[in-house]
1. Considering only region 2-103, give the helices (runs of 4 or more DSSP H) lying wholly within it that have at least 1 residues that are at pLDDT 90 or above.
2. If you check residue 330 against the conditions, is it more than 30 Å from residue 187 (Cβ to Cβ) and either in a loop (DSSP other than H, G, I, E, B) or at pLDDT 50 or above (or both)?
3. Tally up the residues in region 225-252 that are on the phi < 0 side of the Ramachandran plot, modelled with pLDDT under 95 and surrounded by fewer than 16 Cβ atoms within 10 Å (Cβ to Cβ), please.
4. When residue 197 is evaluated against the numbered criteria (1) β-branched (Val, Ile, Thr); (2) in a strand (DSSP E or B); (3) within 27 Å of residue 258 (Cα to Cα), which criterion, by number, is the only one it fails?
5. Would you mind finding the one in 170, 157, 151 that is open to solvent by less than 20 Å² (accessible area, probe 1.4 Å) and in contact (Cβ under 8 Å) with a residue 12 or more places away in the chain?
6. Between a residue in region 317-331 that is over 12 Å from residue 257 (Cα atoms) and any residue that is in a helix (DSSP H, G or I) and modelled with pLDDT of 70 or more, which pairs come within a Cβ distance under 7 Å, given they are 6 or more apart or on different chains?
7. For region 106-121, what are the residues that are more than 22 Å from residue 168 (Cα to Cα), at pLDDT 95 or above and surrounded by fewer than 22 Cβ atoms within 10 Å (Cβ to Cβ)?
8. Can you pull out every residue in region 125-142 that is open to solvent by less than 10 Å² (accessible area, probe 1.4 Å) and among the β-branched types (Val, Ile, Thr)?
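The values are calculated or read from the model by the stated rules, or taken from the named source; none is laboratory data. Keep in mind that this is a model prediction, so the values were computed, not measured. When we count neighbours, we look across all protein chains shown, and the Cβ atoms used for this are built from the backbone with ideal geometry, even at glycine. Accessible surface is based on the protein model in full, side chains and every heavy atom, while ligands, DNA and RNA are left aside. Shrake-Rupley method; radii C 1.70, N 1.55, O 1.52, S 1.80 Å.
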Amino acid sequence: MGIEQRDYYRGDSRDYGRPSGFWDMPVVCKRLMIAVIVTYVAQIVITRPATVADLRATMSQQELEEGEGSPDFAIEDALAWTPPVSVLEDVGDLNPSKVAGGQVWRLVTYAFLHERMGVWSILINMIFLYWFGTRLEQMYGPTEFALFYFASILVAAVAFLGFSFYTGNAMISNVGASGAIWALVVLYVIHHPYEQVHIYFLFPIQIRWLALIYLLYNLHPVLLQLNGGGGFVGGISQAANLGGAAFGALYFYRSWRLTPLWQRVRGKSSSSRWQTRTVRAPARSTIPFDRGTLDATRSEPSRSPIDPATKKLEAQLDQVLEKIQTSGRESLTDEEILILEQASQKYRDR
């Protein structure tokens, strides 16, 4: 089998460009985007009237006491001004008290829900998924990327829950994929720290500094809350963003890979169904095989049997390329890189 025909053949991530459109997106990012958009529409459409319990759940104890102590306060009037409750948010948002009560599915479902009264949150998250997620999926492969994304969702949820219980705000719910998106952003920025973006299409700035500014912006309300912010209740959702960002950094610097663990959990060594499609090879690959040379080699009849040394090299090459598929090129050791170079030279000499 030619090297370019193998499912796990990939080049360096820096050679991949962003897709030209939605239908050209890698499979996992495309499915995630579809799921989030469909869920967002369902949030808006599938609602129910608010009840007294819903109203009380959205008001602090101080607000309830002040309102009920006022002669002008009427619960019916307050309900008239309360917007309908989204059924999906009711059963899927990240509510600390409900998660503690056993509704553990909320640890994942919250990331597919977004604030329905505005489009800014879902718009930014989907743009970042398109910008950063697509290139990371091409780099790490669909299975590893999907596992990384869902692990980021869980880590961000744990950060949110821990911060909520620590600060005594267990009744405040959270929705949105921002925690997982920030894991993608940080991982991408570590890979491409000097890439430039233009603020308002005018002012160029390296992406590492822009990410740092936004991280400090998220850190500020968290520090205020930890330092006894009094009536200030900000920083709750920002804690999830910081948790996702920390996971993205640790994933890179600790060289974590989730696919081998996932395969052990499933009791299988084969790749998942999300790896059935191959990613198109980039125009310039850092694995220096010449495709034309390989095609010419396959087209010629075999003149002599393959010697044992060549068989051993091809077996080692298979292992190295499979490791690139599951763990990324950055995980290769010096010895494995040498195997790639030896195989490249051998194919050139044929």
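1. On the way: elements: 27-45, 52-58, 61-68, 75-80, 87-92, 96-100.
So the answer is 27-45, 87-92, 96-100.
2. no
3. Of the residues in that region, 7 qualify.
4. Answer for residue 197: the failing condition is (3).
5. Of 170, 157, 151, the one residue that is open to solvent by less than 20 Å² (accessible area, probe 1.4 Å) and in contact (Cβ under 8 Å) with a residue 12 or more places away in the chain is 157.
6. Every condition considered, the pairs that remain are 317/339; 317/343; 320/336; 320/339; 320/340.
7. 108, 109, 112
8. 134
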